[in-house]
Amino acid sequence: MDSNSLYYSLELVAGSGHILTLEQRTALESSLVLLKKNYKFSRVLFWGKILGINGVYFIAQGRGEDEMKDKKNLYSLNCMDWFLLPPASDSMIEEVSKATKGRFMGDPSFVYEHQEIHRQGKGNEPVNEKAVITVTEEKRLAVSVHQIDAEVSVVPRGAFIKSPRGLVQLNRSFCGLSEAEARKLDNFLHFRQSKNKKKSALDMGDWNPAMDYLDALSDDIPKGSWSLQFEFARKVCVLRSLLWFGLTFYHVPMTPQHGYIYIGDGTKNLDLPFML
């Protein structure tokens, strides 16, 4: 959610229990302004927080000219001092998946260790070699934020447009979805590079290349991984992810106001296919 409307946006997702203390809100409203100035971001989003056993990570996301490609994630332990997270590479994701398990500890310097035994040699005397994989919790945090963003970040259809130069930017003329449109998952999109196959010509009757370059939530597998409800006297559309518990998206129909926040323990619900 945009830092400029943080106080208002937090009220709209409070129905999920996603709240911040008065001290945290006050600290964020001032520190995110300085963060935007110091890093020269076009805008700053409060992404959410990941709950650890001994501490909490507050996450912010800075956006550049291209809203999709020019993204940097930062974390804080006190809502005031921010530290840049490293980009999640394929090798880092593989190491984290092997070495980490359980909940976050809340200490970015905490080290996870994982031993692997490789059998080498031929004949009757093979040699076993041990390989130790070490991963800091800061790397695990970077990978978790990257995966949550890639799998469940949501925007309404038309909120972002793709220019002829390929830049993804805010659509200044976006006035929001109608209430009827907001009731359909087809009108909510994943804010990531498209992964699904292109639709056939019969399914592209109202296709717009400037807006329909993202994947719709209705195409997610398994079906039923999203909960769509209207709250605040049916004035606010709220989406909740059942794949990543804690991800909540809101949109006020007929207005450009929308955003999402994640507040959870940073673990994926792998039991979802058996719950549906």
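The values are calculated or read from the model by the stated rules, or taken from the named source; none is laboratory data. If you're wondering where the values come from, they're calculated on a predicted model, not measured in any experiment. Using ideal geometry, Cβ is built from the backbone for each residue, glycine included, and neighbour counts are taken over all protein chains shown. What goes into the accessible areas is simple: the full protein's heavy atoms, side chains included, and nothing from ligands, DNA or RNA. Shrake-Rupley method; radii C 1.70, N 1.55, O 1.52, S 1.80 Å.
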(request) Mind counting the residues in segment 249-275 that are open to solvent by less than 30 Å² (accessible area, probe 1.4 Å) and in contact (Cβ under 8 Å) with a residue 60 or more places away in the chain? (result) 12
(message) Within segment 1-15, take every residue that is open to solvent by less than 30 Å² (accessible area, probe 1.4 Å) and in contact with a helix residue (DSSP H, G or I) (Cβ under 8 Å, 6 or more places away or on another chain) and give me the one that is farthest from THR248 (Cα to Cα).
(response) SER3
(request) With the checklist (1) more than 23 Å from LEU12 (Cα to Cα); (2) open to solvent by less than 30 Å² (accessible area, probe 1.4 Å); (3) in contact (Cβ under 8 Å) with a residue 40 or more places away in the chain in hand, flag the one item CYS237 doesn't pass. (result) (1)
(message) Criterion first (at pLDDT below 90, charged (D, E, K, R) and closer than 17 Å to ASP215 by Cα) does LYS122 satisfy it?
(response) no
(request) Taking the options SER16, SER31, SER3, name whichever one is among the small types (Gly, Ala, Ser) and more than 29 Å from PHE230 (Cβ to Cβ). (result) SER31
(request) Just give me the residues in segment 46-63 being closer than 15 Å to ASP149 by Cβ and open to solvent by 10 Å² or more (accessible area, probe 1.4 Å), in sequence order. (result) LYS49
(message) Restricting to segment 65-96, name every residue that is under 19 Å from PHE46 (Cα atoms) and among the charged types (D, E, K, R).
(response) GLU65, ASP66, GLU67, LYS69, ASP70, LYS71, LYS72, ASP81
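Residues are listed down the side, and each one gets a yes or a no for (1) crowded, with 19+ Cβ neighbours inside 10 Å; (2) among the basic types (Lys, Arg):
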residue	(1), (2)
ALA150	no, no
ALA159	yes, no
PRO164	no, no
ARG172	no, yes
ALA182	yes, no
GLN193	no, no
(message) I'd like to check something: does segment 67-90 contain any residue that is farther than 27 Å from MET1 by Cβ and either charged (D, E, K, R) or open to solvent by less than 80 Å² (accessible area, probe 1.4 Å) (or both)?
(response) yes
(message) Within segment 16-35, does at least one residue satisfy the condition of being in the same structural domain as GLY264 (by the TED database), in contact with an Asp or Glu (Cβ under 9 Å, 6 or more places away or on another chain) and in a helix (DSSP H, G or I)?
(response) yes
(request) Inspect all residues belonging to segment 69-83 and state whether any of them is outside the structural domain of TRP244 (by the TED database) and under 24 Å from ASP215 (Cβ atoms). (result) no
(message) Given the options ALA216, ALA210, ALA182, name the one that is on the phi < 0 side of the Ramachandran plot and in contact with a Cys (Cβ under 6 Å, 6 or more places away or on another chain).
(response) ALA182
(request) Kindly indicate the residue of segment 16-36 that is over 19 Å from THR248 (Cβ atoms) and among the hydrophobic types (A, V, I, L, M, F, W, C) and also farthest from the chain's Cα centre (by Cα) among those meeting that condition. (result) LEU22
